[in-house]
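The values are calculated or read from the model by the stated rules, or taken from the named source; none is laboratory data. The structure displayed is predicted, hence computed values, not measured ones. Using ideal geometry, Cβ is built from the backbone for each residue, glycine included, and neighbour counts are taken over all protein chains shown. With ligands, DNA and RNA removed, areas are computed over all heavy atoms of the protein, side chains included. Shrake-Rupley method; radii C 1.70, N 1.55, O 1.52, S 1.80 Å.
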Amino acid sequence: MDPERARQYPFLPSGGAGLPVARTEGSFLILPDGRRILDAAGGAVVASIGHGRAEVAEVAARALAETSYVVPPFVTEDRVRLVERLRASWLPAGITRCMFASGGSEAIDLAIRVTRQHFVSKGEPARWKVIGRELSYHGTTLSGLDIGGHVKRRKGMEPWLHDLPKAPACYPLRCGMCRGAGRCTLACADAVEDAIRRAGPETVAAFVFEPVGGSTAGALTSPPDYLARVGEICRRHGILTIADEVMSGFGRTGARFAVDHDGFVPDLLVGGKGLAAGYAPIVGLFAREAVVAPIAARGDEVMFYTYAAHPAACAVAEKVLEIVEREGLVARAARMGEALRERLVATLGAHPHVAEIRGKGLLQAIELVKDRATLAPFAPEDRITATIVAAGLGNGAFFYPGGAGAAQDVIVLGPPFTVSEGELDLLANALVKSIDSAAAHAAARRG
Ligand SMILES: Cc1ncc(COP(=O)(O)O)c(C=O)c1O
């Protein structure tokens, strides 16, 4: 594309031009000059079934021709079919109610509103606070920033935000809580109760968490029994649990939802990018009957977003889930996740700048440090993550940049579930080359 035309796209004049992409196909982005870039992050960890599926495009065309738009409360065949499939094959037992939004931030905001309506309807209007965790991300609406622990993204917005207590992240690499015990004592779970106490338990409505984190600190997982203990704490205090699976849901971690690995069923579940795999903007809020019952009993409504449950988006999502089921892609995500991990450990396991390789299934991340022994980070001016991502494009792969707080430099990997072994070789080779060249660049800068 003519660079002059490309420069019209960014909102900020300083934004420069992004990567021009002509087409997407399978695991690849295809540039206007024909170059093929491996989509090692599936976009923003979205493209689970791979790009360019004609049968999905055909469903979208059919749905758009049939019903271009009707308000979200109206019932259409495509809407009902999606809810039926979700209930029959996807949602954890006990979670039955479905409402939709056009993106993750919107769906999280909806979860907060539903939580608040639940308690107001039940006659507990003092409960409104939502306790989140450090190093978490729940979207860019003001409510999402409020409950999230991504300090940089909150910066400047503080007048709009509440200063609610945050529970610590589960971050064994740098955990100071169990030091001395020699093992994980689940102090991070007990700290959720401390945060609830600091907030005032009778004012707390919900605890929100990512069972496997996204790009903020890079695919942080939680220790076994963490969710069971946190669930018990929340139940004891009459607090709802909200699992944010915008990134980890719909097969990404090798289970339908990441909470399934722990057999944990939250009260509300938000997911996800994998619902329509990038073919349509749709994210779901799913809830237990007991969450919506008091709202319904009072005859209240939950206000919809105009584009929520768009008929074509529902049709596309239903088709995407059918493909995932038909091709056994959740099991494949688990299998290819192992294959990815093996390659990462083989190529980067002893790398002087790799502090940790972590994650589950096909949601993995590499944390980079200047010194592996002390875990000292690179200087921020080294811009190591950005340099690796730029080098990756030169080496034929797109890696997703992450990192926040103590986990300053993180590369996130989330290829399509359909990724092949050969493509994983390409990914690992491009990643090692990109890390080495970025580290050499940083060393040269230091002189
Ligand atoms: C866990 C989590 N929650 C919420 C969001 C926000 O979703 P969106 O960017 O679709 O608004 C994201 C986005 O990456 C996410 O990973």
Task: Number of the exception - Ala181 against (1) within 15 Å of Leu135 (Cβ to Cβ); (2) modelled with pLDDT under 95; (3) aliphatic (A, V, I, L, M) - done: (1)
Task: Number of positions in segment 91-116 that are more than 12 Å from the ligand (Cβ to nearest atom), outside any strand (DSSP E or B) and open to solvent by 40 Å² or more (accessible area, probe 1.4 Å) - done: 4
Task: Candidates Ile147, Ile196, filtered to the one that is more than 25 Å from Gly402 (Cα to Cα) and touching a His at 6+ places or on another chain (Cβ under 9 Å) - done: Ile196
Task: Filtered residues of segment 242-257 (kept if surrounded by fewer than 24 Cβ atoms within 10 Å (Cβ to Cβ) and either within 15 Å of the ligand (Cβ to nearest atom) or of a type in the set (Gly, Ala, Ser) (or both)) - done: Gly254, Ala255
Task: Matching option when the condition is in contact (Cβ under 8 Å) with a residue 60 or more places away in the chain, open to solvent by less than 10 Å² (accessible area, probe 1.4 Å), under 30 Å from Asp425 (Cα atoms) and away from the ligand (no atom under 16 Å from the Cβ), among Leu363, Leu348, Leu375 - done: Leu348
Open item on the list: If I ask for residues that are closer than 17 Å to Ser48 by Cα and surrounded by 24 or more Cβ atoms within 10 Å (Cβ to Cβ), which ones from segment 280-314 would you list?
Closed with: Ile282, Val283, Gly284, Ala313, Cys314
Open item on the list: Let me spell it out: the conditions are (1) at pLDDT 95 or above; (2) more than 24 Å from the chain's Cα centre (by Cα), and Ala443 meets all of them except one. Which number is the exception?
Closed with: (1)
Task: The listed residue being in contact with a His (Cβ under 9 Å, 6 or more places away or on another chain), open to solvent by 30 Å² or more (accessible area, probe 1.4 Å), away from the ligand (no atom under 16 Å from the Cβ) and more than 25 Å from Ser215 (Cβ to Cβ), out of Lys122, Lys129 - done: Lys129
Open item on the list: Looking at segment 66-74, can you tell me whether even one residue there is over 30 Å from Leu142 (Cα atoms), touching a residue at least 24 places away in the same chain (Cβ under 8 Å), in a helix (DSSP H, G or I) and touching a Leu at 6+ places or on another chain (Cβ under 6 Å)?
Closed with: no
- [ ] State all residues of segment 186-207 that are part of a loop (DSSP other than H, G, I, E, B) and surrounded by fewer than 14 Cβ atoms within 10 Å (Cβ to Cβ); if no residue qualifies, say none.
- [x] Gly200
Open item on the list: So Gly231 passes all but one of these: (1) open to solvent by less than 10 Å² (accessible area, probe 1.4 Å); (2) touching a residue at least 40 places away in the same chain (Cβ under 8 Å); (3) closer than 20 Å to Ile112 by Cα; (4) assigned to a helix (DSSP H, G or I). Which condition number does it fail?
Closed with: (2)
